[in-house]
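Asker: If you scroll down you'll find the structure; I have some questions about it.
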Amino acid sequence: MNKPFAITLDPGSSLANHTGSWRTERPVYVDRLPPCNSQCPAGEDIQGWLFHAESGNYEKAWQHLTRDNPFPAIMGRVCYHSCENVCNRGQLDAPVGINSVERFLGDEAIRRAWKLVPPAAETGKHVLIVGAGPSGMSAAYHLRRFGHRVTVYEAGPLLGGMMRFGIPKYRLPRDVLDAEMQRVVDMGVEVVLNTKVDNILDTMQTGKFDAAFLAVGAHIAKRAFIPSGEVSKVVDAISVLRSMEGENKPMLGRRVIVYGGGNTAIDVARTAKRMGAEPIIVYRRTRDKMPAHDFEIEEALQEGVMIRWLSTIKQAGDTNITIEKMELDASGFPQPTGEFETLEADSVVLALGQDVDLSLLEGVPGLEVSDGVVKVDANMMTGQPGVFAGGDMVPTERNITIGVGHGKKAARNIDAWLRGATYVAPPKHQVATFDKLNTWYYADAPKTVRPMLDIIRRQSTFDEVQGGLDESTALFEARRCLSCGNCFECDNCYGVCPDNAVIKLGPGKRFEFNYDYCKGCGMCVAECPCGAINMVPENN
């Protein structure tokens with residue numbers, strides 16, 4: 001019997017009609033770079049470890065995190081989390097509390113005594129690291145992972161560098177610092193304390209080191225000329241913070257004037273407040289021009305620290321100081337007004353920035369030093385072959401996270417150099433921007449706020465000011481991640497495809513397209529929550 005044209009095909013035979021030939025565009029699965037990952041100075045795969053955290057697998061999340069940064073409990077307290085500033089969720093409600101989840105994982109690792117994995121094999125190479133601060137100890141960790149023998153020389157009596165001698169205990173408890181430093185040492189890193197390196201080449205030759213990484217912190221305070229009396233007490237902020245680590249605490253008196261506007265000025269003023277003083281910060285510009293982070297300024301004001309804006313110190317007497325009021329010109333630069341005021345002062349603390357001691361580089365050929373720092377190439381090597389540098393010693397913004405990132409980058413380049421190769425960083429994916437997301441699929445979820453210590457205890461003790469999240473709140477916060485730019489197997493594409501052209505490959509294996517039947521309608525792209533599918537022109 002002749003069948004009508006409309007039903008000329010037998011039942012079940014429609015697979016023979018490869019409708020994919022109708023396409024002019026095809027969908028492809030892509031991996032985009034989350035903005036948080038792109039922003040992180042330590043190079044963490046933030047989205048990667050958040051994925052494990054939101055599954056409740058905290059140890060695996062910690063292991064994933066520590067591939068890049070061995071100090072999550074420290075960084076969860078002192079990192080300024082620029083990653084959260086670029087978090088796409090911030091355009092939806094509020095950024096994911098990345099820093100707070102990182103701290104939870106770090107604290108959980110200390111509580112459960114999780115260990116870093118030592119190298120499986122030794123290379124026989126020996127690397128010298130000068131400085132046991134964030135950059136030096138980060139490099140030590142990563143070099144040990146490569147299997148190199150590492151010896152760290154530290155001029156101070158304890159590990160931590162500026163994390164110990166520049167950050168007060170109320171921000172970074174010392175038991176946390178000690179735990180994460182010791183974990184790196186336990187991998188087999190040799191540490192020589194109370195030993196200053198006078199000449200890097202001599203030390204390398206004597207110890208038969210194959211390479212060196214210089215990570216000396218900025219411990220030398222900058223000074224300013226202030227006319228003062230013979231008994232005027234003018235000290236620097238770094239000396240004050242350093243002395244807080246010893247038994248003999250600084251004697252600053254009751255009326256303490258702090259001169260400067262950076263984070264160190266805030267730290268020393270808040271420290272003085274806890275010691276019973278009445279600190280006043282003198283700063284020559286306005287609050288919006290102050291280099292200190294605004295949340296730290298706000299916390300200092302809450303604790304009773306006074307700030308005299310648009311003021312500069314002209315003279316320090318025995319029991320008082322003279323300040324001159326300033327005003328901003330059209331370019332925003334402070335100009336003197338000729339109007340003076342006298343403030344009572346038992347001491348003046350200068351917080352005007354820090355420099356690095358570069359004396360260990362004297363006589364080293366090929367080095368280029370400019371503005372108190374060492375020039376390095378793209379691979380972080382100085383002009384002297386085999387001598388690398390990072391952290392405060394090189395031209396960069398100075399903070400703990402950048403130092404940790406420098407340590408990792410230097411370790412990769414040192415490892416390559418020791419093998420006679422050159423490290424080439426893998427290419428980066430395109431950043432996953434907010435416009436690529438379909439936010440309709442994400443539920444409202446307000447950001448979890450970390451608890452704060454009450455004001456009375458903040459004014460009188462060195463107890464930690466900011467608390468951490470518990471397991472339930474950390475899990476909630478991790479699950480706020482949008483997984484920007486990377487498939488998390490939500491099955492949307494599988495469910496909305498009108499041609500059944502999406503094939504599930506199994507848990508953890510994502511999907512693939514059957515292009516024999518995909519017509520290129522773009523429905524999967526439109527309905528993908530995280531922007532992990534892209535339409536590309538068909539190559540005919």
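Asker: Could you figure out which of (1) more than 30 Å from Thr206 (Cα to Cα); (2) in a helix (DSSP H, G or I); (3) touching a residue at least 60 places away in the same chain (Cβ under 8 Å) isn't true of Pro95?
Answerer: So the condition that Pro95 fails would be (2).
Asker: So for region 120-139 (the condition being of a type in the set (A, V, I, L, M), closer than 23 Å to Gln39 by Cβ and open to solvent by 10 Å² or more (accessible area, probe 1.4 Å)), does at least one residue qualify?
Answerer: Scanning region 120-139 turns up no residue that is of a type in the set (A, V, I, L, M), closer than 23 Å to Gln39 by Cβ and open to solvent by 10 Å² or more (accessible area, probe 1.4 Å).
Asker: For region 416-432, name all the residues that are exposed (fewer than 15 other Cβ atoms within 10 Å of the Cβ) and touching a residue at least 60 places away in the same chain (Cβ under 8 Å).
Answerer: Lys428, Gln430
Asker: May I pose another question? For region 98-121, which positions are of a type outside the set (Phe, Trp, Tyr) and assigned to a loop (DSSP other than H, G, I, E, B)?
Answerer: Residues satisfying the conditions are Ala113, Lys115, Leu116, Val117, Pro118, Pro119, Ala120, Ala121.
Asker: Next question, about the same structure. If you check Ala425 against the conditions, is it modelled with pLDDT under 95, within 24 Å of Gly56 (Cα to Cα) and either assigned to a loop (DSSP other than H, G, I, E, B) or basic (Lys, Arg) (or both)?
Answerer: It is false that Ala425 is modelled with pLDDT under 95, within 24 Å of Gly56 (Cα to Cα) and either assigned to a loop (DSSP other than H, G, I, E, B) or basic (Lys, Arg) (or both).
Asker: Find the strands (runs of 3 or more DSSP E) located wholly in region 124-236 whose residues include 1 or more that are among the acidic types (Asp, Glu), and list them.
Answerer: Of the strands (runs of 3 or more DSSP E) lying wholly inside region 124-236, those with at least 1 residues that are among the acidic types (Asp, Glu) span 190-192, 234-236.
Asker: Another question, then. Determine whether region 21-28 contains at least one residue that is under 20 Å from Pro134 (Cβ atoms), touching a helix residue (DSSP H, G or I) at 6+ places or on another chain (Cβ under 8 Å) and not assigned by TED's automatic domain parsing to the domain that holds Val404.
Answerer: No, region 21-28 contains no residue that is under 20 Å from Pro134 (Cβ atoms), touching a helix residue (DSSP H, G or I) at 6+ places or on another chain (Cβ under 8 Å) and not assigned by TED's automatic domain parsing to the domain that holds Val404.
Asker: Moving to a separate point now. I'd like the residue in region 389-398 that is touching a residue at least 40 places away in the same chain (Cβ under 8 Å) and under 14 Å from the mean Cα position of the chain (by Cα) and, out of all such residues, is least open to solvent (accessible area, probe 1.4 Å).
Answerer: It comes out as Gly391.
Asker: Which of the residues belonging to region 340-398 are touching a helix residue (DSSP H, G or I) at 6+ places or on another chain (Cβ under 7 Å), outside any loop (DSSP other than H, G, I, E, B) and within 30 Å of Glu278 (Cβ to Cβ)?
Answerer: Once the filter is applied, which keeps residues that are touching a helix residue (DSSP H, G or I) at 6+ places or on another chain (Cβ under 7 Å), outside any loop (DSSP other than H, G, I, E, B) and within 30 Å of Glu278 (Cβ to Cβ), region 340-398 yields Val349, Leu350, Gln354.
Asker: Note down all Cβ pairs under 6 Å where the first residue falls in region 399-415 and is free of Cβ contacts under 8 Å to residues at least 60 places away in the same chain, the second is not in a helix (DSSP H, G or I), and they're at least six residues apart or on different chains.
Answerer: Hits for this filter: Asn413/Asn379; Asn413/Met380; Asn413/Tyr423.
Asker: Residues that are modelled with pLDDT under 95: which strands (runs of 3 or more DSSP E) entirely in region 263-337 hold 2 or more of them?
Answerer: Filter on region 263-337 gives 311-316, 320-328.
Asker: How many residues does region 143-152 contain that are crowded, with 24+ Cβ neighbours inside 10 Å and more than 10 Å from Val184 (Cβ to Cβ)?
Answerer: Of the residues in region 143-152, 1 are crowded, with 24+ Cβ neighbours inside 10 Å and more than 10 Å from Val184 (Cβ to Cβ).
Asker: Scan region 35-46 and report the pairs whose first residue is not assigned by TED's automatic domain parsing to the domain that holds His64 and part of a loop (DSSP other than H, G, I, E, B) and whose second residue is β-branched (Val, Ile, Thr) and surrounded by 18 or more Cβ atoms within 10 Å (Cβ to Cβ), with Cβ atoms within less than 7 Å and a gap of 6+ or a chain change.
Answerer: Pairs found: none.
The values are calculated or read from the model by the stated rules, or taken from the named source; none is laboratory data. Everything numeric in this text was worked out from a predicted model, so none of it was measured. Please note: Cβ atoms are built from the backbone with ideal geometry, for glycine as well, and neighbour counts cover all protein chains shown. What goes into the accessible areas is simple: the full protein's heavy atoms, side chains included, and nothing from ligands, DNA or RNA. Shrake-Rupley method; radii C 1.70, N 1.55, O 1.52, S 1.80 Å.
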